[in-house]
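This report refers to the structure that appears directly beneath it.
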Ligand code: NI
């Protein structure tokens, strides 16, 4: 029997979507307002879901206090109130789309978890636009 446990988190960050191998015009066509050169912010909402068996001793899949702590240390402290393109090593050379941010978050958190547990990351860039990555 496996069960999914989710912790919601949040961070604010600025970004610009840009492909340096394209000219400004093509970047504007593809990325629209998200390619404006002076950056803009999003209020990112993050759902971190851990999937596994219930530990019979604790009744938990994962201690949510621990999950909260690893999200704070590895995600919020790293990205909150940052310019993703300029202030983070992760997005120096990686376009900070919601897709890429979700994959980066997955890779930052996965090593902190029990290797038998599954991990699914859902990242909301807006209320209506969100992506999910589960490591596959
Ligand atoms: Ni944007």
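The values are calculated or read from the model by the stated rules, or taken from the named source; none is laboratory data. If you're wondering where the values come from, they're calculated on a predicted model, not measured in any experiment. Here Cβ is always computed from backbone atoms with ideal geometry, including for glycine, and neighbour counts include all displayed protein chains.
For the stretch 59-136, the helices (runs of 4 or more DSSP H) that sit wholly inside it and include 2 or more residues that are within 23 Å of residue 20 (Cβ to Cβ) and modelled with pLDDT of 95 or more are 84-87, 98-109. Filtered by the rule that a residue be under 30 Å from residue 70 (Cβ atoms) and away from the ligand (no atom under 15 Å from the Cβ), the stretch 1-34 gives 1, 2, 3, 4, 5, 6, 7, 8, 9, 10. Quick check, is residue 47 surrounded by fewer than 18 Cβ atoms within 10 Å (Cβ to Cβ), within 14 Å of residue 5 (Cα to Cα) and under 15 Å from the mean Cα position of the chain (by Cα)? Yes; evaluated as a whole, the condition is true for this residue.
Here residue 72 clears all of (1) under 16 Å from residue 8 (Cα atoms); (2) away from the ligand (no atom under 16 Å from the Cβ); (3) surrounded by fewer than 12 Cβ atoms within 10 Å (Cβ to Cβ) except the condition numbered (3).
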